[in-house]
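Working notes for the structure below.
The values are calculated or read from the model by the stated rules, or taken from the named source; none is laboratory data. What you see is a predicted model, and the numbers here were worked out from it, not measured in a lab. Virtual Cβ from ideal backbone geometry, glycine too; neighbours counted across all protein chains shown.
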Amino acid sequence: MKVLLINNSDRVGGAAVACNRLAMALSKEGVDIKMLVNKKQSNLSYVVEARQGVCGPIKRNLDFYAERLEIFLHNGYSKKKLFLVSDASAGMSITGMTEFIEADVIHIHWINQGFISMKGLFEIINSGKRIVWTMHDFWPVSGICHYSGDCYNYKTGCGKCNLIGSNYVNDLSHKLFKKKSMMMRDKGITFVGCSRWIANKAKDSAISDGNKVLSIPNPIDTDIFSPGDKVEARKALGLPIDKKLILFGAAIATDKRKGIKYLIDALSIMADSETDFDLVMFGEMKGDFCFPENIRIHQIGYVSDINMLVNMYRASDIFVTPSLEDNLPNMIMEALSTGTICVGFNVGGIPEMIIEGKSGFIAKAKDIKDLALSLQNALKLSADLCNSEFARKFVLENYSEEVVAHKILDIYTN
C-alpha cells in the first residue's frame with residue numbers, strides 16, 4: 001500500500017511533528033510512505049518538496065503573502081488575528097505529481113498558509129483517491145478559523161466572524177463555509193480528530209455531513225520518550241539538583257493561546273506560600289512578560305534537539321500547559337511518556353490525556369487560583385513513583401506507535 005501524507009512543513013509545528021511520527025509508525029508496519037511538504041527542511045528520505053525548480057521558492061512566498069493579503073483586506077486592514085484564520089485563496093495543485101498519482105491513499109494533515117489552494121483541494125477530493133484528513137485544528141470543517149473559541153456559528157454555516165471583525169452574515173467565513181460544504185459533503189472523506197473533543201465538534205459541522213468522523217490520537221515513539229535518571233538529566237542541562245522544577249514551553253512560548261499570562265499569575269500565588277521550586281522555560285520568546293521576582297527562571301530557548309527535549313522532561317517534576325484552546329498537545333504526550341506528570345486547563349483534548357490525581361491535575365479554564373492549586377498538588381503527586389509509572393503506562397496503552405498505526409491502517413484498508 002502506498003500512502004501520501006500531505007503537510008505544510010516537515011519540521012516546524014505540532015502538525016509536522018505528529019505527521020512525521022505517523023510516517024515512522026506506518027513505515028514500521030510495512031507501509032510505503034511519502035510525505036509531501038511545501039518546503040523541505042529536513043534530510044528525511046521519504047519527504048518530498050512540492051515546489052521544485054528555480055521558481056519554486058518564489059511561488060511559495062508569493063502564495064503565502066497573497067493569502068495573508070486577502071485576509072488583511074477582509075480584516076479591516078489590521079494585522080491583529082492575521083494568523084488565526086486561513087482562506088486558501090492562494091496555493092498550488094498537486095494532483096499531477098507522480099507521488100499523488102501513485103498513491104493508494106491520500107492522508108491530508110495541515111495544508112494552510114499558501115500551500116494547497118481551494119482549487120487544489122477540490123482536485124484532491126474529486127480525484128477518486130481514498131481521502132483521510134487528520135484535523136490538527138478546526139479549519140477543515142469551519143469557514144476560515146483554526147480554533148472557534150466561544151463561537152458556534154460553524155454549526156449553522158459561519159458568518160459574522162469575530163476573528164475578522166465582521167458583522168455580516170455573508171462574509172468571507174460564510175462564503176468559504178458554503179464552498180467547503182459543497183466540495184466535501186458526501187464525498188466519503190474520513191475526518192480524523194486527534195482528540196475526541198475536536199471530533200465531536202467536527203460532527204456538528206455541515207461540512208462533515210455524509211463523511212466519517214473518527215477520533216484517533218497522534219502516535220509517539222515511546223522508546224525515545226522514555227523515563228530516565230532525573231539527576232543525570234539535570235546535570236546535562238545545567239539545572240539545579242535540589243529544587244522542584246516546573247517545566248513550561250511551546251514553539252512560541254509567549255503565544256497568548258498558550259496561556260503564559262495565566263501561568264505567571266498562578267506562579268505569583270504559589271510564590272507567596274511555596275518557594276522551593278524553579279521554572280524551566282523553553283521555546284521562542286516574543287514580547288515582554290514579567291515573572292515574579294522571587295521565582296528563579298531557567299530559560300533554555302528554542303529546542304530542536306530531541307535528546308535535549310527528552311532530558312528536559314526527565315529533569316522536571318511536572319510539566320504545565322495552560323493553553324486556552326488546544327487539540328491533543330504533543331508535549332503532554334511527550335511528558336507523560338517520560339513519566340512526568342502534567343497540569344493543564346480543562347480545555348480541548350487536554351482532559352482526555354491527564355487522569356486526575358494519577359498522572360496530573362486539570363484546572364478550571366482560565367481560573368488562576370485553581371491552576372496554582374493544581375500545580376501545588378502536582379508537585380506533591382510527583383514524589384510518588386507510582387504516579388510516574390501510571391503516566392508512562394497510559395501512553396503505552398493509548399499513544400504508542402503500534403497502537404495508533406493499527407487504528408490508522410484499519411481506516412486505510414476498510
Have a look at D186, D229 and point out the one that is charged (D, E, K, R) and out of contact with any helix residue (DSSP H, G or I) (no Cβ under 9 Å at 6 or more places or on another chain). D186
Checking G96 against (1) under 25 Å from A206 (Cβ atoms); (2) free of Cβ contacts under 8 Å to residues at least 40 places away in the same chain, the condition it does not meet: (1)
Only one residue in Y412, Y313 is part of a helix (DSSP H, G or I), surrounded by fewer than 18 Cβ atoms within 10 Å (Cβ to Cβ) and hydroxyl-bearing (S, T, Y). Which one? Y412
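For the subset of segment 28-61 comprising residues that are among the hydrophobic types (A, V, I, L, M, F, W, C) and more than 23 Å from A15 (Cα to Cα), which member is surrounded by the fewest Cβ atoms within 10 Å (Cβ to Cβ)? Don't jump to the end; show me each part of the working.
Filtering segment 28-61 down to residues among the hydrophobic types (A, V, I, L, M, F, W, C) leaves 31, 33, 35-37, 44, 47-48, 50, 54-55, 58.
Now drop any that are not more than 23 Å from A15 (Cα to Cα), which leaves 54-55, 58.
Values: V54: 6, C55: 10, I58: 11.
By that ranking, first place goes to V54.
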Residue check, N307 part of a helix (DSSP H, G or I), surrounded by 18 or more Cβ atoms within 10 Å (Cβ to Cβ) and not aliphatic (A, V, I, L, M): no
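Residues that are in a loop (DSSP other than H, G, I, E, B) and either at pLDDT below 90 or aromatic (F, W, Y) (or both): does segment 21-37 have at least one? Before you say what the answer is, go through the steps one by one.
The first filter runs over segment 21-37 and keeps only residues in a loop (DSSP other than H, G, I, E, B), leaving 29-31.
Those left that are additionally either at pLDDT below 90 or aromatic (F, W, Y) (or both): none.
Within segment 21-37 (the criterion being in a loop (DSSP other than H, G, I, E, B) and either at pLDDT below 90 or aromatic (F, W, Y) (or both)), the answer is no, since none of the residues qualifies.
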Within segment 182-206, considering residues that are of a type in the set (S, T, N, Q) and outside any loop (DSSP other than H, G, I, E, B), the one farthest from D410 (Cα to Cα): N200
Read through the list (1) buried (at least 23 other Cβ atoms within 10 Å of the Cβ); (2) closer than 26 Å to T156 by Cβ; (3) not aromatic (F, W, Y), then give the number of the only condition that L84 fails. (1)
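Among the residues of segment 108-118, is there at least one that is without any contact (Cβ under 8 Å) to a residue 12 or more places away in the chain and closer than 18 Å to A202 by Cβ? Can you show your working first?
Restricting attention to segment 108-118, the residues satisfying the condition of being without any contact (Cβ under 8 Å) to a residue 12 or more places away in the chain are none.
No, because not a single residue in segment 108-118 is without any contact (Cβ under 8 Å) to a residue 12 or more places away in the chain and closer than 18 Å to A202 by Cβ.
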Residue set L396, L375, L379; condition among the aliphatic types (A, V, I, L, M), touching a residue at least 24 places away in the same chain (Cβ under 8 Å) and surrounded by 21 or more Cβ atoms within 10 Å (Cβ to Cβ); output residue L375
